[in-house]
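One structure below.
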Amino acid sequence: RRGEPRRDALLLARFGSGDGALVLVAVASGARAVPDGHRAARDACEWIGGAIGRSQERLAEDIRAGHRGALESGLHRLTDRSYGRLRARAHELGRHPDQYSAALRCLLLPADPACGTRVFFGVGDGGLFRLRDGVWRDLEHPGPGTGSGTGPGGDRVTVDLGIVAPGPGAAPA
């Protein structure tokens, strides 16, 4: 737009092999009207991808076993570290942390076709929607009668972990 780079970044990565592998889809959007928003988005995707890759075996075990508490705490930690790196980069660039930040939404899928658990997590604005049979469905905020984290066809979804993007000078939760 207007000759400026897009502020978003996308990462699609597979970690591991066979049924123990994980697939990560990460989408980040840099802050509006700030220089290098596109770089912050790229960094957010790169850093969360690296963190997931280093923790792939444990995350895959927790997903298969349905260890929601372990997934929640582990993904909080990995996401907080990635945001810590964004804040450090802002400091290196001589900027306020909110001037080098990005909203990040991730979907973590097991490669094992027998495992129906899908893990969604993120920081900042965004959501998770599924397009099936021409209809979009909000998986982050399911409507009444859809069950706790269970979608049509029995898909189990661990939704947003409630991580919020840190405000100016705020420490991560």
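The values are calculated or read from the model by the stated rules, or taken from the named source; none is laboratory data. The shown structure was predicted, so the numbers you read here are calculated from the model rather than taken from an experiment. Glycine gets a Cβ as well: all are built from the backbone with ideal geometry, and neighbour counts include every protein chain shown. What goes into the accessible areas is simple: the full protein's heavy atoms, side chains included, and nothing from ligands, DNA or RNA. Shrake-Rupley method; radii C 1.70, N 1.55, O 1.52, S 1.80 Å.
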**OP:** Check segment 69-92 and report whether any residue there is surrounded by fewer than 17 Cβ atoms within 10 Å (Cβ to Cβ) and among the aromatic types (Phe, Trp, Tyr).
**Re:** no
Subject >> Within segment 70-108, considering residues that are without any contact (Cβ under 8 Å) to a residue 24 or more places away in the chain and under 13 Å from the mean Cα position of the chain (by Cα), the one nearest to residue 32 (Cα to Cα) >> reply: 77
**OP:** Could you please tell me which pairs satisfy a Cβ distance under 6 Å, a separation of 6+ or placement on different chains, a first residue in segment 109-130 that is farther than 13 Å from residue 22 by Cα, and a second residue that is of a type in the set (Gly, Ala, Ser) and part of a loop (DSSP other than H, G, I, E, B)?
**Re:** 123/165; 124/165
**OP:** Kindly indicate whether residue 102 is under 20 Å from residue 128 (Cα atoms), touching a Cys at 6+ places or on another chain (Cβ under 7 Å) and modelled with pLDDT of 90 or more.
**Re:** no
**OP:** Can you tell me which residue among 46, 61 is free of Cβ contacts under 8 Å to residues at least 40 places away in the same chain, in a helix (DSSP H, G or I) and within 20 Å of residue 9 (Cα to Cα)?
**Re:** 46
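How many residues does segment 1-31 contain that are outside any strand (DSSP E or B) and open to solvent by less than 70 Å² (accessible area, probe 1.4 Å)? Spell out how you get there, then give the answer.
Pass one, segment 1-31, residues outside any strand (DSSP E or B): 1-7, 16-21, 31.
Checking which are open to solvent by less than 70 Å² (accessible area, probe 1.4 Å) leaves us with 16, 18, 20-21, 31.
Here the count works out to 5.
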